Structure formats: structure tokens, C-alpha cells
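Worksheet: the structure to be examined is printed underneath.
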Amino acid sequence: MALTATLYNLAIELADVDRGVYQSFDLRIARHPSETAEFLLTRVLAYCLEFGEGIALSEGVAAVDEPAVLVRDLTGRVTAWIEVGAPDAERLHRGSKLAGRAAVYTHRDPAQLLAQLAGKKIHRAEDIPLYSFDRGFAAGAAAALQRRSKLSVSVTEAQLYLGIDDASFGTAIERHRLA
């Protein structure tokens with residue numbers, strides 16, 4: 001019997017002071033059976049940190065031809081390609097060429113990802129930021145995430161404050177360069 005995706009219903013209060021984005025929204029997201037809780041949380045955070053007109057979640061690890069998060073303009077053209085985890089160079093290359101803007105959010109060790117991508121052909125690699133969080137943050141916060149949760153996401157001066165129901169977490173948002 002095949003395993004099915006688990007649906008999460010998240011009520012999110014976003015206050016991104018750094019970008020001037022303040023929004024309340026409900027997010028319904030499916031967690032693929034092979035997707036870790038840390039990957040799911042990082043997808044949600046990438047969505048929040050990139051939140052804007054035309055943003056959408058893909059099927060996550062099940063999406064073959066799309067990133068975890070993407071942004072489309074009113075014509076349907078992809079304008080931002082947002083990867084999560086540890087994407088390979090080919091996906092980043094293709095996404096950067098297609099969208100013009102790409103970014104990566106990772107819950108993994110950024111040094112390992114940077115080493116894995118070093119020297120590979122990636123379109124405009126110097127313009128692609130890699131965002132990471134403090135070690136242990138994703139694991140701790142992911143453990144608090146329930147199928148129905150209320151999240152408060154606050155960002156100020158590259159510091160992320162995350163409330164999940166009654167639990168609170170904080171981390172620096174580190175920005176790295178691919179090239």
C-alpha cells in the first residue's frame with residue numbers, strides 16, 4: 001500500500017520588517033512521505049521570506065520540473081525560482097536561466113552545499129543567494145510543527161523569530177554566495 005501525503009494547515013502571521021511585508025494568511029501544504037519535517041519547515045519559511053504577489057508552493061520533493069517555491073507574474077511567466085534543501089547545480093542553472101532570479105534556502109550545512117556546487121556550471125551563480133539558519137534551529141522548530149498550527153514569523157535585521165503555537169524559536173538568517 002502506497003503512503004500518501006500528509007496535509008498541514010498553517011495559519012501564518014508574517015511580519016518581515018526588513019522587506020516591509022506584513023500579512024496574515026492560511027497555508028495548506030502537503031508533506032510527501034519521503035520529505036523530512038525539516039525540509040517541510042524550510043519550504044514554509046522560504047515561502048514566508050519570499051512572500052509576495054504570485055508566490056506559490058510546488059509539490060516539494062515530488063516536483064520534478066519545479067522548485068519548492070516559485071513566483072509567477074500575471075502572464076504566468078516564472079520570475080523567481082526558489083530551491084530548498086540541497087539542489088543540484090543543473091536545477092539551479094536551469095532555474096536561474098528560466099526565471100532570472102533564483103535563491104536557495106537550506107536547513108543543511110551550507111559549507112557542504114557550497115562545496116558540492118563549487119566549480120559547476122550555474123547560470124549567474126554570483127547572483128544566487130544561499131540562505132541558511134543556525135544549526136539545530138530547523139530540527140527543533142520542525143518538532144513543534146503540528147498538522148494544524150499557528151505560526152508567527154517575524155524578521156528584523158536578518159534575525160528570524162518563529163512562534164509555533166506556544167513554542168518560540170530564533171535564528172540568524174545567514175546569507176552565502178554560490179560564487
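The values are calculated or read from the model by the stated rules, or taken from the named source; none is laboratory data. None of the values given here were measured: they were computed from a predicted structure. Positions of Cβ are generated from backbone atoms using ideal geometry, with glycine treated the same way; all protein chains shown enter the neighbour counts.
Here is how the numbers come out for the structure above:
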| item | result |
| --- | --- |
| Answer residue from region 74-86, given it is under 15 Å from Leu114 (Cα atoms) and part of a strand (DSSP E or B) and is farthest from the chain's Cα centre (by Cα) among those | Glu83 |
| Residue within region 50-60 that is in contact with a Ser or Thr (Cβ under 6 Å, 6 or more places away or on another chain) and either on the phi < 0 side of the Ramachandran plot or not in a loop (DSSP other than H, G, I, E, B) (or both) present | no |
| Filtered residue count, region 18-41, keeping only those that are of a type in the set (D, E, K, R), over 18 Å from Asp109 (Cα atoms) and not in a loop (DSSP other than H, G, I, E, B) | 3 |
| Pair list, Cβ < 6 Å and 6+ apart or interchain, from region 26-47 residues that are at negative phi to residues that are part of a helix (DSSP H, G or I) and surrounded by fewer than 16 Cβ atoms within 10 Å (Cβ to Cβ) | His32/Ala62; Glu38/Ala139 |
| Count of region 19-53 residues which are surrounded by 15 or more Cβ atoms within 10 Å (Cβ to Cβ), more than 14 Å from the chain's Cα centre (by Cα) and at pLDDT 95 or above | 1 |
| Among (1) out of contact with any Gly (no Cβ under 6 Å at 6 or more places or on another chain); (2) within 25 Å of Gly136 (Cβ to Cβ); (3) without any contact (Cβ under 8 Å) to a residue 60 or more places away in the chain; (4) not hydrophobic (A, V, I, L, M, F, W, C) - the single one Gly52 does not satisfy | (2) |
| Output for region 1-37, where each listed residue is in contact with a helix residue (DSSP H, G or I) (Cβ under 8 Å, 6 or more places away or on another chain), within 20 Å of Glu53 (Cβ to Cβ) and β-branched (Val, Ile, Thr) | Ile12, Ile29 |
| Members of region 65-92 found to be farther than 21 Å from Tyr47 by Cα and either of a type in the set (Asp, Glu) or crowded, with 19+ Cβ neighbours inside 10 Å (or both), listed by number | Glu90 |
